[in-house]
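Please read the structure below before turning to the comments.
The values are calculated or read from the model by the stated rules, or taken from the named source; none is laboratory data. What you see is a predicted model, and the numbers here were worked out from it, not measured in a lab. As a convention, Cβ positions derive from the backbone with ideal geometry for all residues, glycine included, and neighbour counts pool all protein chains shown. With ligands, DNA and RNA removed, areas are computed over all heavy atoms of the protein, side chains included. Shrake-Rupley method; radii C 1.70, N 1.55, O 1.52, S 1.80 Å.
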Amino acid sequence: MGKMHYKRKLVIVFIIIGIALGLYVYSAFSQKLTKSTDLSDESIGGFKVFDNISSPEFIREYGEPIDQDNNNAYDYYYWKGGLKTASINTDKDKGKIMRLIISSTDDAQFENSLQTSKGIKLGSKKADVLSKYGDHYYKSYEQGADIIGYIDHKRNITLEFWCVPGGRVAEIRLDDADV
């Protein structure tokens, strides 16, 4: 009985590991499997991924950052109007924007005038995202958010809409797909 019980437990462990590995592989490749969406005109706050926070245009629009968080790969800056950027922090590409984020705070959940090129902003309905950006999206779930993502394979850019329970957009990310 002991040997049979041990084998049964071993089989269950392998099944659980297999399921977890399958989910990991699926999420890792879901962007690659998603049909491309043209995001060439996509911007947030008038700026695109690969623009530079040191450009005269960016400085004229946003001035100096309000706050900053750093990590090994990127500098995260908080700008007036609720924009957050992640930019390269070293060498010749210093300041190059790799991520633009619009997110809400607990105090003002959907208050932000920034929007995507197709008019999606914080508080927009998930159905509005789908009607404006189409059916070629990947799905993910992270930090309690239902994520709808679009990828432009040619430009290596993603656009993600993080929706909270109730189907409202609470965060928008325009990223270099490698971030």
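Residues that are of a type outside the set (A, V, I, L, M, F, W, C), open to solvent by less than 40 Å² (accessible area, probe 1.4 Å), under 23 Å from Asp38 (Cα atoms) and under 12 Å from the mean Cα position of the chain (by Cα) do occur in region 73-91, at least one of them. Among residues of region 51-72 being open to solvent by less than 50 Å² (accessible area, probe 1.4 Å) and over 18 Å from Ser113 (Cβ atoms), the one that is farthest from the chain's Cα centre (by Cα) is Ser55. Quick check on region 102-148: of everything there that is at pLDDT 85 or above, among the aromatic types (Phe, Trp, Tyr) and not in a strand (DSSP E or B), which residue is least open to solvent (accessible area, probe 1.4 Å)? Among those that are at pLDDT 85 or above, among the aromatic types (Phe, Trp, Tyr) and not in a strand (DSSP E or B), it is Tyr133.
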